[in-house]
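Here's the structure, in structure tokens; my notes come after.
Only the coordinates and a few stated rules stand behind these numbers; no lab work does. Nothing here was measured: the structure is a model prediction, and the numbers come from that model. Backbone-built Cβ (ideal geometry, glycine too); neighbour counts: all protein chains shown.
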Amino acid sequence: MIDAPSSTWFTASPHWHWLIVLYFMLGALAGGTYFLSAMIDMVGRQSDRRLAQLGYLITLPVMLVIGVVLIVDLSRPDRFWHLLIQNHTWRPMFKYWVPMSTGSWAVPLFSFFATLSFVSAFAELKRPQWRWAQRLRPLGIVGMLVALLGSLLALHVMGYTGVMLSVLNRPVWSDTPLFGLLFIVSAVTMAAALLALVASGVGWLSPGVTALQRIWVWLAGVQVLVFIALFVSLGPAARGWLNIWGVVLAVGIAIGIVLPLLAARRRNPLGLGGLPMMAVLVLVGGFLVRTAVVFVPEVNAP
């Protein structure tokens with residue numbers, strides 16, 4: 001067997017920069033926050049309904065920022081619609097086998113459901129006379145349908161970026177199929193931390209805030225298992241982390257996973273300030289992990 005030149009094994013770099021890291025982070029927070037809010041609405045306690053309301057109020061503004069970030073990142077921002085519509089035939093541009101294509105459709109569709117839930121939450125908070133809007137939230141049939149479809153799209157928004165990395169022929173990314181799973185678990189973990197942090201900051205305290213803290217601690221443990229599986233699946237390609245981005249990844253894991261687990265197990269012996277500080281650490285750790293994942297192929301490409 002003749003060895004092919006290394007340049008034939010990898011596609012050209014996508015040349016992603018910090019706007020893409022920001023998108024990965026914001027997409028995780030928006031999708032995870034909506035997903036948790038929908039779960040609280042559909043199967044949670046009535047006393048936590050206000051917590052779900054807060055989540056809906058957070059999601060839509062984040063999605064609006066995401067839209068700006070994605071358009072600005074394009075080399076030709078005026079052609080962003082080419083991701084959805086073929087410019088020659090004017091037919092929908094949808095390739096179900098391409099994660100970037102499914103994600104391009106999932107983001108605006110998810111934004112639509114996020115808008116419905118935002119309007120409903122706003123009506124309950126500020127416009128009680130808007131009865132029609134309040135029906136867009138569970139417990140009614142229409143509200144249940146909105147929450148269910150929105151949560152499914154939220155899962156796609158959280159995970160498709162990781163799946164997209166695995167199908168791109170780049171070092172480290174293409175060596176494991178587990179980035180999608182990692183991004184989903186990490187997104188829900190960060191969303192639980194964000195929702196608890198904002199709820200405590202505005203004084204919207206409920207038993208659900210304590211439950212959110214338990215959720216992110218439990219999911220931190222799940223992330224440990226996912227990282228172990230990810231590195232095992234990488235095999236020899238795991239050496240691709242022996243660089244600065246491997247250090248960033250290790251710091252992110254330590255800050256966002258290890259410290260919260262230690263604090264929860266030993267009732268915060270580290271003196272890290274309780275829930276607000278731990279939530280911030282989870283968010284910072286998640287950002288560092290995504291940063292390391294986005295940039296690691298650049299130092300490994302031939």
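Counted by neighbouring Cβ atoms within 10 Å, the residues 110, 122 run from fewest to most as 122, 110. Per-residue extension of 0.36 nm, minus the Cα-Cα distance of residue 229 and residue 47, leaves a gain of 61.7 nm for this segment. Whole-Hz Karplus values for the range 35-47 come out as 4, 5, 4, 5, 5, 4, 5, 7, 10, x, 7, 4, 5 Hz, taken residue by residue from phi with 6.51 cos²θ - 1.76 cosθ + 1.60 and θ = phi - 60°; glycine and proline positions read x.
Couplings for the range 99-108, taken from phi via the Karplus curve 6.51 cos²θ - 1.76 cosθ + 1.60 with θ = phi - 60°, read x, 5, 5, 5, x, 4, 7, 5, 4, x Hz in order; Gly and Pro are left as x.
The residue list 143, 241, 59 was ranked by how far each Cα lies along the charge dipole of the chain toward its positive end, using unit charges on Cβ atoms, and 143 comes out on top. Compute the Kirkwood hydrodynamic radius of the chain, taking the inverse of the mean of 1/r over all pairs of distinct Cα atoms, and give it in Å to one decimal. Roughly 20.3 Å, rounded to one decimal.
The magnitude of the dipole of the chain, with charges of +1 and -1 set on the Cβ of Lys/Arg and Asp/Glu and taken from the Cα centre, is near 800 debye. In terms of surrounding Cβ atoms within a 10 Å radius of their Cβ, 298, 124 rank from fewest to most as 298, 124.
Each peptide in 245-258, 30-43, 283-296, 143-156 gets a packing score, the mean of other Cβ atoms within 10 Å over its residues, and the list from highest to lowest is 30-43, 283-296, 143-156, 245-258. For the chain, the 222 nm mean residue ellipticity estimated from helices alone, with every DSSP H stretch of n ≥ 4 adding -39500 (n - 2.57) and the total spread over all residues, rounds to -23000 deg cm²/dmol.
Under 12 Å from the Cβ of residue 133, count the other residues' Cβ atoms, weight Lys and Arg +1, Asp and Glu -1, and hand me the total. Show your work: numbers first, answer last.
Working: positive: 126, 127, 131, 135, 137; negative: 124.
That works out to +4.
Under 5 Å between amide hydrogens, built in the peptide plane, is the criterion, and for residue 85 it picks out 93 among residues at least 5 positions away or on other chains. Rounded to the nearest Hz, the phi-derived 3J(HN,Hα) couplings of the range 20-28 under the Karplus curve 6.51 cos²θ - 1.76 cosθ + 1.60 (θ = phi - 60°) are 6, 4, 4, 5, 4, 5, 5, x, 5, where x marks glycine and proline.
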